[in-house]
Amino acid sequence: MIQRIGKWIRHNPAPFAGLLIVSALLFIAVAAPWLAPWDPSERVAAPFTRPCAEHPLGTNDIGQDILSEIIYGARVSLTVGLLAALVATLGGTLIGIACGYLRGGVDTVFMNIANTLMCLPGLPMTMVFVAYLGGGIKNIILIICLTGWTGTARVVRARVMSLREEPYILLAPMIGANPWRIIRVHLLPNVARIALTRFSMSVGSAIMMESSLSFLGMGVVGQKSWGSILQFAFSRGGLIRNYVWWYAPPILCISLSMLGFMLLSYVNKNRQGISTN
Amino acid sequence: MLNIRNLSVWFDSTGVTHAVRNVSMMLADGEKMVIIGETGSGKSVFLQAILRLLPPTAHCTGEVILNNIDLLQIPWSDMCNVRGAKLGYIPQGAGHAMNPLLSIGYQVGESWMIHNHRKRREAKKKAITLLRRFQLGEEETIVHTYPHMLSGGMRQRAMVAMGTAAGAAVILADEPTKGLDEKRIQMVIDSFKQLDRQTLLCVTHDISFAKAIAQRIVVMYAAIQVEVADSKRFFSQPLHPYSRALLASQPDNGFNCLIGFAPPKAASLIDTCVFAQLCPQAHKRCEHEPPMFDVEGRQVRCWLYEN
């Protein structure tokens, strides 16, 4: 077992690095109440305290501990990233399979919607949705899903369109398999790797989207997230005064989480044996 | 019993192309019938028409009666209960006919699992029994392997096991020896001989394979039947000029390739004998399409046997 794990690490150094980063971030998010030295909503020191032993990343404009904010911020950023990516990837995969296999009206309707959504720039469109639906974690996830399924759907559809001409898919009805079974048993495993890759890439973009919205002041209200820490750092003069300890950590965290999920997505590309991607 | 009456298939993509014209045949229980003919004569399309798996550009008329039910009239969704359970199918090109991501055991047992509402684990056990029947060897190991890990002959025998898994009484096989060497062909012949109780309708252009397994032979040329005869009499004395040319073109008979051309476009020859252009015995009468003549229990579509 240990030998197999060792072999996997040797063959997949990048995904292993990604796995370490993602595991560390998830651990921080889950163990936030035990890891955070202070309550992030409490004023625990004088405003703009420089990094010191008691506050390793200093404090913000109202005296809240930035390290605790960053640790708690991981919860919102990762929850939004993972949930939004999961729903968007699942939805996109199912729509892609339905469009690619059934074709006809289903394909026309969904692909026209996808094309329209893909034509529009992502962030402004998301802002319009937020303006209509309001902020809040549920709405942010919903909005990221509404705009995030299109890429996955198109990639999966293209794969299914080539798969449906494969003899083993054409022959699947010969044994008495109905279309639902063909999709579930024969098509889904063939697109699973694409869906997994798309999922880990979507987590990164969803975290980025949430941070962008929070940075613009349209994100999750009342809860700390990396984007909202950045927003306060910029709006309350952190940048002008060059308080690196305030604005650099959330930028690093966002970049690191995106890098982690991106590296994790390489796992399928390095897989040995038959490739269906 | 499988009764096919006046089955016709034509394609409507770039002009009308007739793939099968008025083909009728009746298979008794347990009978082994082989359809022979050159590539493009409409054999595979005929099998697809029976299974109702033709592409959308195809049109089909006629009757396919299995156990007093016309398969061409029942709703398409009901065909899921017929395919596999009542009509087994062994496709051509076993190399591509299996899903590369599913194990041999799962694929062989899948049909049985679907029609008997069983679980995956039970299907694997069933697959071991089926594979043992067709003598693949080391069946317990093979059920866990994937298609690319088997040789062509083993895959083809696994396909035979797959086609018969759910206990279909009628088996349709489409060129089961395609791309196999002599030794593998013999293995496939052995596995077909295991199907002693099932009715078999097999399509092939491998004449020696047809000779080994057939009780009755149907010769197809340019979308129509030109001769129907029992196997022994057909191979000892073929009646239709095309049948004679087909057998003469075999290596065993001196490779005397009289035919040499692809079948003519059936649409343009609806009123004439389809083989007239190439027939060494063609005469004026052949400008009209002959009906099927009965010659001592054999049927031949040729004016030479008018009386």
Query raised in the report: Only one of (1) farther than 15 Å from B:Ile171 by Cα; (2) surrounded by 19 or more Cβ atoms within 10 Å (Cβ to Cβ); (3) not aliphatic (A, V, I, L, M) is not met by B:Cys60, so which one is it?
Result: (2)
**Report entry** Checklist (1) buried (at least 18 other Cβ atoms within 10 Å of the Cβ); (2) more than 14 Å from every other protein chain (Cβ to nearest Cβ) applied to B:Ala161, failing item
**Finding:** (2)
Report summary line: Heads up, the helices (runs of 4 or more DSSP H) in the stretch A:90-193 (entirely inside) with at least 1 residues that are away from chain B (no Cβ under 13 Å) and either crowded, with 21+ Cβ neighbours inside 10 Å or within 19 Å of the chain's Cα centre (by Cα) (or both) are A:104-119, A:122-133, A:137-163
Report task. Residue by residue through the stretch B:157-182, note down the ones that are small (Gly, Ala, Ser), more than 17 Å from the chain's Cα centre (by Cα) and in a loop (DSSP other than H, G, I, E, B). Result -> B:Ala165, B:Ala166, B:Gly167
Query raised in the report: Out of A:Ala17, A:Ala53, A:Ala31, which single residue is within 25 Å of A:Met258 (Cβ to Cβ) and surrounded by fewer than 13 Cβ atoms within 10 Å (Cβ to Cβ)?
Result: A:Ala31
Report task. Enumerate the strands (runs of 3 or more DSSP E) found wholly within the stretch B:183-231, keeping only those where 2 or more residues are modelled with pLDDT of 85 or more, more than 13 Å from the chain's Cα centre (by Cα) and farther than 20 Å from B:Leu130 by Cα. Result -> B:224-230
Requested in this report: Would you mention how many residues in the stretch B:133-149 are within 14 Å of chain A (Cβ to nearest Cβ) and within 26 Å of the chain's Cα centre (by Cα)?
Outcome: 2
Query raised in the report: Taking A:Phe215, is it in contact (Cβ under 8 Å) with a residue 24 or more places away in the chain and either crowded, with 21+ Cβ neighbours inside 10 Å or within 12 Å of chain B (Cβ to nearest Cβ) (or both)?
Result: no
Report task. For residues that are closer than 27 Å to A:Ile229 by Cα and either touching an Asp or Glu at 6+ places or on another chain (Cβ under 7 Å) or of a type in the set (A, V, I, L, M) (or both), tally how many sit in the stretch A:1-49. Result -> 23
**Report entry** Output for the stretch B:186-229, where each listed residue is surrounded by fewer than 20 Cβ atoms within 10 Å (Cβ to Cβ), without any contact (Cβ under 8 Å) to a residue 60 or more places away in the chain and in contact with a Phe, Trp or Tyr (Cβ under 7 Å, 6 or more places away or on another chain)
**Finding:** B:Ile189, B:Lys211
Query raised in the report: Going by the structure shown, is B:Gln107 over 21 Å from the mean Cα position of the chain (by Cα), at pLDDT 90 or above and buried (at least 23 other Cβ atoms within 10 Å of the Cβ)?
Result: yes
Query raised in the report: Hey, does the stretch A:169-185 have a residue that's free of Cβ contacts under 8 Å to residues at least 60 places away in the same chain and within 30 Å of A:Ser205 (Cβ to Cβ)?
Result: yes
Query raised in the report: If B:Ser41 passes every condition in (1) at pLDDT 90 or above; (2) among the polar types (S, T, N, Q); (3) buried (at least 19 other Cβ atoms within 10 Å of the Cβ) but one, which one does it miss?
Result: (1)
Query raised in the report: What residue, of A:Arg271, A:Arg241, A:Arg193, is at pLDDT below 90, within 30 Å of A:Ala32 (Cβ to Cβ) and of a type in the set (D, E, K, R)?
Result: A:Arg241
Report task. With the checklist (1) touching a Leu at 6+ places or on another chain (Cβ under 8 Å); (2) surrounded by fewer than 21 Cβ atoms within 10 Å (Cβ to Cβ); (3) of a type outside the set (Asp, Glu) in hand, flag the one item A:Ile66 doesn't pass. Result -> (2)
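The values are calculated or read from the model by the stated rules, or taken from the named source; none is laboratory data. Source: prediction; values computed, not measured. In this analysis, Cβ positions are derived from the backbone assuming ideal geometry, glycine residues included, and neighbour counts consider all displayed protein chains.
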